[in-house]
Amino acid sequence: KIYSRGVSPDPIKIQSLVDMPYPRTGSDLLQFTFACQWFADSIPRFEEVVSLLRHTLEALLKGLSKRTKRAASRIPITDWTENDCTAFDNVRAALINVITLSSPDPSKVLYVFLDASQRYWNIVITQVSTGDVGRPYGLQRHEPVALHGGAFKNSALHWSMLEKEAFPLVVAGYKFP
């Protein structure tokens, strides 16, 4: 939804995902994880939050010739663990706490925050009124403008930490010129 202060995901759509029961089939889990992807840019550290569910989904779909909802519907989830319940609940909590992204204001100063760990990277762009710029960081009123992140995969998992820390800077330059 578009508000005067920015853009926020539709609360009705969020609530429909939060109200979903634990998945009983691969199709249920596939639908939930794909639907959550629509809100990725409003959830800090989204890739990290959803990663455990994606690993469970990958294990369920392993060996299928087609990774479709129809094929996944034939796979019952028989070994749903306490960790899977926790991961599902963590995604629900993240959905409840989605962030409203402010509309960019050219009169404000942009801040770009980058982070990387061994497995994930994130970009947060905020804006601050010019009157807040000289204040201590904790007292500045940051308004989030953009969130973006991802997981390191394949050969990127073997990059040095310096390369991993630089990667979000490169992505930010391309995605948010």
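Numbers below:
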{"quantity": "Any hit, the range 19-41, residues being within 29 Å of residue 170 (Cβ to Cβ), modelled with pLDDT under 95 and of a type in the set (Ser, Thr, Tyr)", "calculated": "no"}
{"quantity": "Residue list for the range 114-148, restricted to those being among the acidic types (Asp, Glu) and under 25 Å from residue 171 (Cα atoms)", "calculated": "115, 143"}
{"quantity": "Residue match in the range 61-70 (condition: touching a strand residue (DSSP E or B) at 6+ places or on another chain (Cβ under 9 Å) and at pLDDT below 95)", "calculated": "no"}
{"quantity": "Criterion (aromatic (Phe, Trp, Tyr), out of contact with any His (no Cβ under 8 Å at 6 or more places or on another chain) and exposed (fewer than 12 other Cβ atoms within 10 Å of the Cβ)) met by exactly one of 3, 22", "calculated": "3"}
{"quantity": "Subset tally (residues that are in contact with a strand residue (DSSP E or B) (Cβ under 8 Å, 6 or more places away or on another chain) and part of a loop (DSSP other than H, G, I, E, B)) for the range 102-128", "calculated": "5"}
{"quantity": "Of all residues in the range 36-65 being touching a residue at least 40 places away in the same chain (Cβ under 8 Å) and part of a loop (DSSP other than H, G, I, E, B), the one that is nearest to residue 16 (Cα to Cα)", "calculated": "39"}
{"quantity": "Residue in the range 84-92 that is more than 24 Å from residue 147 (Cβ to Cβ), more than 13 Å from the chain's Cα centre (by Cα) and not assigned by TED's automatic domain parsing to the domain that holds residue 160 present", "calculated": "yes"}
{"quantity": "Some residue of the range 60-77 being among the hydrophobic types (A, V, I, L, M, F, W, C) and under 19 Å from the mean Cα position of the chain (by Cα)", "calculated": "no"}
{"quantity": "Residue check, residue 158 surrounded by 12 or more Cβ atoms within 10 Å (Cβ to Cβ), outside the structural domain of residue 26 (by TED's automatic domain parsing) and not charged (D, E, K, R)", "calculated": "no"}
{"quantity": "Given (1) over 27 Å from residue 12 (Cα atoms); (2) without any contact (Cβ under 8 Å) to a residue 40 or more places away in the chain, number of the condition residue 87 does not satisfy", "calculated": "(1)"}
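The values are calculated or read from the model by the stated rules, or taken from the named source; none is laboratory data. These numbers come from a predicted model, not from an experiment. So basically every Cβ, Gly included, is an ideal-geometry build from the backbone, and we count neighbours across all protein chains shown.
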